[in-house]
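The values are calculated or read from the model by the stated rules, or taken from the named source; none is laboratory data. The model shown is predicted, which means the values in this text are computed figures rather than measured ones. All Cβ positions, glycine included, derive from the backbone under ideal geometry; neighbour counts span all protein chains shown.
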Amino acid sequence: RAATRRLEQMLEVDPGLPALSRTSYLRELHGDLDGAVLALQQADVAGASRGPAAAAALTLLGDVLRKRGDDGAAEAAYQRALRIYPELIAAEVGIARLLASDGNRPRAIKVLTALTERLPQPAALTLLGELLALEGREAEAADAFALVEATAALQRDAGQDTDLEMALFAADHGDGPAAAVRLGRRAWRARPDNIYAADALAWALHRAGRDTEALPLMRRALRLGTSDALLRYHAAEVFAGAGRDQQARQQLREARDTDPWFSPHHQPSAGALARQLGLRVPPAWTRP
């Protein structure tokens with residue numbers, strides 16, 4: 001509520017790109033993807049297609065459009081962002097995600113390889129490793145994941161807080177559940193009101209086989225109704241692990257209907273969980 005009030009004050013003073021971008025994020029957190037798209041379209045107009053901030057807003061627009069299933073419009077937004085600011089990593093990662101979801105993993109890998117050779121950014125490296133693993137290129141995937149950890153260590157040395165992102169990485173690809181729980185707990189203690197910090201710790205606890213402990217944290221992570229397929233998938237696994245199958249079905253259905261291409265790494269396990277819970281399995285969760 002306090003954040004909403006501050007945002008309303010910002011919009012009254014200056015209804016420009018920064019306030020509209022934050023409005024979009026707040027709407028997305030509350031599950032209003034259509035409202036998030038509208039705010040970012042207004043931000044695009046307010047930014048007058050100039051500079052890195054305008055390119056970043058277009059990239060966010062592409063991300064929300066992709067989550068909403070409008071891949072053509074998402075690609076157009078990413079391409080516009082890159083025309084404005086060609087070095088924008090997030091826009092290139094968005095394009096790679098679109099390529100992978102369209103079944104063109106080799107092209108997505110090529111895009112991400114070129115990007116990470118230029119700038120080894122952890123999110124891009126993680127996606128690259130996941131796609132390489134799906135292609136059976138395990139040694140190259142391991143190299144990408146090792147570079148994620150090395151890059152994160154450099155970021156920590158430079159004073160950046162990487163606990164949240166690295167908790168998820170450790171749980172899925174890195175040092176394992178114990179390290180993930182340690183990092184996730186640090187992230188949540190630093191940001192107890194952040195839904196993604198609660199999700200990171202809940203997921204780490206799930207991976208450690210501690211679903212009962214994860215349940216209250218996952219409920220905190222879901223409290224805003226956020227339309228995030230990865231968050232909903234995590235919730236489904238936690239609820240299923242704790243024997244709450246009805247809630248698990250609800251969350252997995254939300255993940256499937258929001259963005260079935262949410263994660264190359266988790267799509268096979270999402271399909272297995274859907275079959276276990278008696279839900280329809282989308283093609284994205286069965287494709288090797």
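Touching a Lys or Arg at 6+ places or on another chain (Cβ under 8 Å) and farther than 23 Å from Ile89 by Cα, is that true of Ala198? It is true that Ala198 is touching a Lys or Arg at 6+ places or on another chain (Cβ under 8 Å) and farther than 23 Å from Ile89 by Cα.
Being touching a Lys or Arg at 6+ places or on another chain (Cβ under 7 Å) and among the hydroxyl-bearing types (Ser, Thr, Tyr) is the filter here; which residues of segment 138-193 pass it? Talk me through it step by step, then tell me what you get.
Filtering segment 138-193 for residues touching a Lys or Arg at 6+ places or on another chain (Cβ under 7 Å) gives 162-163, 171, 177, 180.
Residue satisfying the conditions is Thr162 alone.
Look through segment 58-78, keep the residues that are in contact (Cβ under 8 Å) with a residue 60 or more places away in the chain and in contact with a helix residue (DSSP H, G or I) (Cβ under 7 Å, 6 or more places away or on another chain), and return whichever of them is farthest from Glu92 (Cα to Cα). Walk me through how you get there before you give the answer.
So the first thing to find is which residues in segment 58-78 are in contact (Cβ under 8 Å) with a residue 60 or more places away in the chain, and the list is 66-67, 69.
Next, from what is left, pick out any that are in contact with a helix residue (DSSP H, G or I) (Cβ under 7 Å, 6 or more places away or on another chain): 66-67.
On the way: Arg66: 14, Lys67: 16 Å.
Among residues in segment 58-78 that are in contact (Cβ under 8 Å) with a residue 60 or more places away in the chain and in contact with a helix residue (DSSP H, G or I) (Cβ under 7 Å, 6 or more places away or on another chain), the one farthest from Glu92 (Cα to Cα) is Lys67.
Based on this model, can you work out whether Leu98 counts as closer than 23 Å to Pro282 by Cβ, in a helix (DSSP H, G or I), touching an Asp or Glu at 6+ places or on another chain (Cβ under 6 Å) and at pLDDT 95 or above? So Leu98 passes the test.
Restricting attention to segment 70-83, which residues are buried (at least 21 other Cβ atoms within 10 Å of the Cβ) and within 19 Å of Gly51 (Cα to Cα)?
The first filter runs over segment 70-83 and keeps only residues buried (at least 21 other Cβ atoms within 10 Å of the Cβ), leaving 74, 77-78, 81.
Matches in segment 70-83: Ala77, Tyr78, Ala81.
Reported count of residues in segment 84-99, each being of a type in the set (Asp, Glu) and crowded, with 18+ Cβ neighbours inside 10 Å, is 1. Glu140 - would you say it is more than 15 Å from the chain's Cα centre (by Cα) and among the acidic types (Asp, Glu)? Yes, satisfied.
Yes/no matrix, rows are residues, columns are (1) more than 21 Å from Phe169 (Cβ to Cβ); (2) in contact (Cβ under 8 Å) with a residue 12 or more places away in the chain; (3) assigned to a loop (DSSP other than H, G, I, E, B):
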position	(1), (2), (3)
Tyr233	no, yes, no
Phe239	yes, yes, no
Ser263	no, yes, yes
Pro268	no, yes, no
Gly271	yes, yes, no
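Reported count of residues in segment 64-85, each being out of contact with any Asp or Glu (no Cβ under 9 Å at 6 or more places or on another chain) and not basic (Lys, Arg), is 9.
Within segment 117-146, the set of residues being surrounded by fewer than 18 Cβ atoms within 10 Å (Cβ to Cβ) and under 19 Å from Ala180 (Cα atoms) comprises Ala123, Ala142, Ala146.
Please indicate, with yes or no, whether at least one residue in segment 133-142 is over 20 Å from Leu112 (Cα atoms) and of a type in the set (A, V, I, L, M, F, W, C). If you could, list the steps in order and put the result at the bottom.
Filtering segment 133-142 down to residues over 20 Å from Leu112 (Cα atoms) leaves none.
The answer is no; no qualifying residue exists.
Figure legend. Inter-residue proximity from segment 109-127: first residues touching a residue at least 40 places away in the same chain (Cβ under 8 Å), second residues assigned to a helix (DSSP H, G or I) and β-branched (Val, Ile, Thr), beta-carbon distance below 7 Å, spacing 6+ or different chains. Indicated pairs: Pro122/Val148; Pro122/Thr151; Ala123/Val93; Thr126/Val148; Leu127/Val93. Inside segment 188-206, can you point out the residues that are under 18 Å from the mean Cα position of the chain (by Cα) and crowded, with 24+ Cβ neighbours inside 10 Å? Of everything in segment 188-206, those that are under 18 Å from the mean Cα position of the chain (by Cα) and crowded, with 24+ Cβ neighbours inside 10 Å turn out to be Trp188, Ala197, Ala198, Asp199, Ala200, Leu201, Ala202, Trp203, Ala204.
For segment 135-172, which residues satisfy the criterion of being assigned to a loop (DSSP other than H, G, I, E, B) and either more than 15 Å from Pro120 (Cβ to Cβ) or of a type in the set (Gly, Ala, Ser) (or both)? Walk me through how you get there before you give the answer.
Step one: filter segment 135-172 for residues assigned to a loop (DSSP other than H, G, I, E, B), giving 135-137, 158-162.
Selection gives Glu135, Gly136, Arg137, Ala158, Gly159, Asp161.
Looking at Glu254, is it touching a Lys or Arg at 6+ places or on another chain (Cβ under 6 Å) and either modelled with pLDDT under 95 or within 29 Å of Gly103 (Cα to Cα) (or both)? When the stated conditions are applied, Glu254 passes them.
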